[in-house]
Amino acid sequence: MYINFWYAAARSEELTDQPLKVRMLGQDFVLFRDASGAVACLADTCVHRGASLGNGKVREGGVQCPYHGWRFDRDGRCTRIPSLGAGARIPSRARVDAYPVVERYGLVFAFLGDLPEEERPPILEIPEWGRDGWRTMAYTYDWPVHFQRSVENSLDAPHVDFVHDFGGMNNTTFKLEPERSVVEERGAWGAVHLIDTKAQHFEHGHCGVSHTWTWLFFGKGDNSPRFLFYTFITPVDETRVRRFLVHARNVQLDAKVDDQLRPANDLAEREDRVVIESLRPAESPVDTRHEYLVADDAIMVRYRERLREWEQRGWRIDSGEVERHRKRVAFAIPGPGRRQGGSWVLDAIPLVAPDERSLPACSDSSLSSPSS
């Protein structure tokens with residue numbers, strides 16, 4: 001799991017007038033709406049005695065701890081300590097990590113890391129959202145799998161021929177288009193697979209560590225029928241993910257069709273989940289030596305290269321170290337406020353140290369040819 005990316009934390013409709021406790025990257029967070037209605041995201045652990053802020057209440061635009069009533073604003077600053085009395089000075093160290101939040105596509109995204117705004121990787125865009133001529137649907141799924149396996153499944157076109165039957169599309173051939181095998185655009189990586197003919201094709205890719213897209217085109221031209229899927233995959237911990245899926249289509253725009261399509265989308269998710277749950281090892285291998293990959297797997301090879309790059313930047317959580325200290329230490333993912341210095345009560349979550357002797361990056365030579 002990696003810090004310094006935007007993660008979908010919840011659906012906007014889940015936010016009520018009370019705090020919402022959410023688990024991401026193996027840590028707990030609390031979401032709430034401040035006095036202006038904007039969503040805030042804080043580390044869930046109260047720095048006083050370790051209570052869960054998510055079990056508290058929203059009071060005067062802040063979240064109030066259920067144990068001793070300490071109150072924290074959207075920036076993580078403590079604004080009230082009842083036991084000190086009215087007008088008492090609040091120590092500057094009485095604060096919790098706060099994380100940037102945006103609401104987009106009916107979802108609440110939280111940036112879990114300490115990068116300044118200009119350095120943050122982007123949120124995957126959905127250009128069709130709210131546009132005339134398009135209909136969108138939203139889904140949420142929980143999978144008991146490692147996040148990397150879930151992401152790589154979204155990047156895998158050939159499996160569609162064997163795991164699913166999308167309206168009789170099985171027994172087709174998903175073949176990687178050589179000229180557009182792996183492309184990069186605005187920091188996102190994508191690939192194109194043809195379906196039997198150039199009139200139909202399948203585009204897919206990832207933006208950052210866990211935002212993916214899967215586009216299915218039927219025919220040529222801007223007005224050709226399209227089924228587009230955008231998935232924001234949030235690791236709950238090392239063994240679970242929550243998948244926030246947005247489906248966009250430019251055909252069958254009647255809202256009644258939503259009820260007809262939902263069972264098909266639910267079935268596709270179940271079919272994928274059953275396969276991914278059975279993969280061994282449960283986490284994808286760190287390199288290509290322990291899997292026999294072929295040319296159609298190029299996008300996944302590139303994805304694993306990026307994971308190694310992000311690990312070398314010091315963004316990967318050391319989950320083993322977190323687990324070793326779980327009963328004695330309350331960790332927090334560092335928010336941008338830590339870059340301003342000062343003393344913090346909660347320890348920053350352990351990260352895997354960059355290793356100059358790390359495994360060599362994957363390359364095209366890592367992909368096996370049919371004759372190998």
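The values are calculated or read from the model by the stated rules, or taken from the named source; none is laboratory data. In this text, all values refer to a predicted model and were calculated from it rather than measured experimentally. Ideal geometry is used to build each Cβ from the backbone, glycine not excepted, and the neighbour counts take in all protein chains shown. SASA here: full protein model, heavy atoms, side chains in, ligands and nucleic acids out. Shrake-Rupley method; radii C 1.70, N 1.55, O 1.52, S 1.80 Å.
Taken as a whole, the structure places Arg304 among residues that are out of contact with any strand residue (DSSP E or B) (no Cβ under 8 Å at 6 or more places or on another chain), surrounded by 17 or more Cβ atoms within 10 Å (Cβ to Cβ), farther than 11 Å from Val352 by Cβ and among the basic types (Lys, Arg). The listed residues are Ala248, Ala282, Ala298, Ala268, and the only one of them that is out of contact with any strand residue (DSSP E or B) (no Cβ under 7 Å at 6 or more places or on another chain), among the small types (Gly, Ala, Ser) and not in a loop (DSSP other than H, G, I, E, B) turns out to be Ala268. Note on region 256-301: residues that are of a type outside the set (D, E, K, R), within 27 Å of Ser319 (Cα to Cα) and either open to solvent by 20 Å² or more (accessible area, probe 1.4 Å) or touching a residue at least 40 places away in the same chain (Cβ under 8 Å) (or both) total 14. Of the numbered criteria (1) within 30 Å of Gly341 (Cβ to Cβ); (2) in contact (Cβ under 8 Å) with a residue 12 or more places away in the chain; (3) open to solvent by 40 Å² or more (accessible area, probe 1.4 Å), the one Ala138 fails is (1). Cβ-Cβ contacts under 8 Å between residues 6 or more apart (or on different chains), taken from a first residue in region 81-99 that is more than 27 Å from Ala38 (Cα to Cα) to a second residue that is open to solvent by 20 Å² or more (accessible area, probe 1.4 Å), are listed as Ser83/His68; Leu84/Ile90.
Taking (1) among the hydrophobic types (A, V, I, L, M, F, W, C); (2) open to solvent by 10 Å² or more (accessible area, probe 1.4 Å); (3) part of a strand (DSSP E or B) in turn, Leu42 satisfies each apart from (2). Of the residues that sit in region 189-219 and are modelled with pLDDT of 75 or more and part of a loop (DSSP other than H, G, I, E, B), which one is nearest to the chain's Cα centre (by Cα)? For region 189-219, the residue satisfying everything is Ser210. Test Val145 against the stated conditions and say whether it is assigned to a loop (DSSP other than H, G, I, E, B), open to solvent by less than 20 Å² (accessible area, probe 1.4 Å), farther than 30 Å from Arg77 by Cβ and at pLDDT 80 or above. Considered against the rule, which asks whether it is assigned to a loop (DSSP other than H, G, I, E, B), open to solvent by less than 20 Å² (accessible area, probe 1.4 Å), farther than 30 Å from Arg77 by Cβ and at pLDDT 80 or above, Val145 comes out as yes. Within the bounds of region 118-129, is there any residue that is farther than 29 Å from Ala248 by Cα, surrounded by fewer than 19 Cβ atoms within 10 Å (Cβ to Cβ) and under 23 Å from the mean Cα position of the chain (by Cα)? Within region 118-129, one or more residues are farther than 29 Å from Ala248 by Cα, surrounded by fewer than 19 Cβ atoms within 10 Å (Cβ to Cβ) and under 23 Å from the mean Cα position of the chain (by Cα).
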